[in-house]
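To start, the structure itself, in structure tokens.
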Amino acid sequence: MFSLKEKEVNTGRQRELDLVKGFLMIMIVFIHSFQTIAGAAAAESSVHKIMFALFMPTGACLYLFTMGFGSVFTRHSQPKDMVRNGIKLLIYQGISNLCYAAVMTVSYAIRNSITGEVAGSREVFEASRYSMLTFVNIFFISGMCYLVLALYRKLNVKLGGYIISALIVGIVTPFTKLLISDNQALNWLLDMTFGGKGETSFFPYLSYVFLGYVFAKVIRKVPEDEKGAFYKKSGLVCGIVAAAWFVICIVMHPGVDGFFNYMIEQYRTPGLVKVVGTFCSIILVFAVAFFLMPIIEKWKFVYNKLCYYSRQISKMYAVHIGVYWTIAAFAAFYEFSVRDCLILSVVVLIVTDLLVQGYLKLTDKLKG
């Protein structure tokens, strides 16, 4: 049995969170190989679609869930701290976009100076560079969500308010995504907020941030020695709900293409059922990570790497995309196969790891 204490008694680092975030980073690297360097055949392959559909219930949703979760445990949890973090992430979005375009441009120029320009590659290069300059990813979403959290903290919103807000976002998202305008500037703002064109937006993901905050508040009242019982019960209940939701999705959207198309639509603009299904999937993942921890800890290299990826997840995320575009530009945007994507995913993970380590060592020396 477990009991929720009246006072917060579990305020230390939640080690299962490190395992979850570390594994999440690895899967992100593999998924992004099919979204950056893959040819048309690989991007439309069953391998990519099945991998994405199976990973989709967590993915970026889990990243934002853990962001809401982490906002409870951080020492810098005042509204001004969250505003500062939010603005910082929005700036990082712009800087990273410029860096992606720069490494792509330099790599492509070097390739052309050595072998000459490959026919048809110029058009792909220009389209890819424009795409990166206008790219919106997890930094934008996280930055905006931090600003919302800062507002909630400033207003001293109670725990019930976060739960109600999460439900409201899940209910209205299928309707808010229909908001469009003939005015180009206004339509751009609506799309960045609600995702009407199917692009990345921040409002639909607020549900996961709010639920992550709520879950953190709950776990802080579970004594450390009772977390096993807590995860047994919550993991079992959430596992059943997640499995039922997943089976229903497969039945209602049969075939790899049908299942993938439904999942990618729900990934960007999730309805309430998707929010509930994802929440239960995330809690199940937390429970599995908690019970696997004693086994993984015995594999020191694996455990330490997962913890390292967790602590450096923002840097790992930012750098690995640039590595992929460097490969793409050097290869003159060659269409890589499924096998190529899987092999290069491992290469990119290693290179990203080394680059982040080098950056950390350099900054440490500069600080010293």
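The values are calculated or read from the model by the stated rules, or taken from the named source; none is laboratory data. Treat the numbers as computed from the prediction; the structure is a model and nothing was measured. Neighbour counts are summed over all protein chains in view; Cβ atoms, including those assigned to glycine, are modelled from backbone coordinates with ideal geometry. Note: accessible area is taken over every heavy atom of the protein model, side chains too, but ligands, DNA and RNA are not part of it. Shrake-Rupley method; radii C 1.70, N 1.55, O 1.52, S 1.80 Å.
Couple of notes before you dig in:
- The chain - mean residue ellipticity at 222 nm from DSSP helices (-39,500 (n - 2.57) per run, n ≥ 4, rounded to 500): -26500 deg cm²/dmol
- Accessible area (Å², per residue) of the chain, counting only protein heavy atoms and a probe of 1.4 Å: 49
- For the range 176-314, a/c is not less than 1.5, where a ≥ b ≥ c are the root eigenvalues of the C-alpha gyration tensor, and a/b tops b/c. That puts it in the prolate class.
- When cysteine pairs in the chain are screened for C-beta atoms closer than 4.7 angstrom, the residues that find no partner are Cys61, Cys99, Cys145, Cys249, Cys307, Cys341.
- Each Lys or Arg adds one and each Asp or Glu subtracts one; over the other residues with Cβ under 14 Å from the Cβ of Lys361, this totals +1.
- Mean Cα-pair separation over length for the range 218-368, i.e. relative contact order, pairs under 8 Å, 6 or more apart, %: 23
- Entries of Lys221/Lys365; Lys232/Lys274; Lys49/Lys305 with Cα pairs more than 31 Å apart: Lys221/Lys365
- The range 40-111: C-alpha gyration tensor shape, a/c 1.5 cut-off, then a/b vs b/c: oblate
- Carbon plus sulfur fraction of accessible area for the range 238-368, probe 1.4 Å, in percent: 72
- Projection of the Cα convex hull of the range 58-208, averaged over all directions and equal to a quarter of that hull's surface, yields 11.6 nm².
- Label-zone membership for the range 129-162, site Lys221, 7 angstrom Cα→C-beta point, backbone N under 20 Å: 153, 156-162
- With a simple spin-label model that places each label point 7 Å from the Cα along the Cα-to-Cβ direction, the separation between Lys154 and Leu342 comes to 5.0 nm.
- Taking a straight Cα-Cα cut-off under 17 Å and skipping sequence neighbours fewer than 8 places away in the same chain, the lysines within cross-link reach of Lys80 are Lys88, Lys154.
- The C-alpha atoms of the chain define a longest principal axis, and helix 184-194 lies at about 40 degrees to it.
- Three-way shape call for the range 1-125 based on the alpha-carbon gyration tensor, with the a/c threshold at 1.5: oblate
- Overall, the accessible surface of the range 46-181 at a probe of 1.4 angstrom is composed of carbon and sulfur to the extent of 69 percent.
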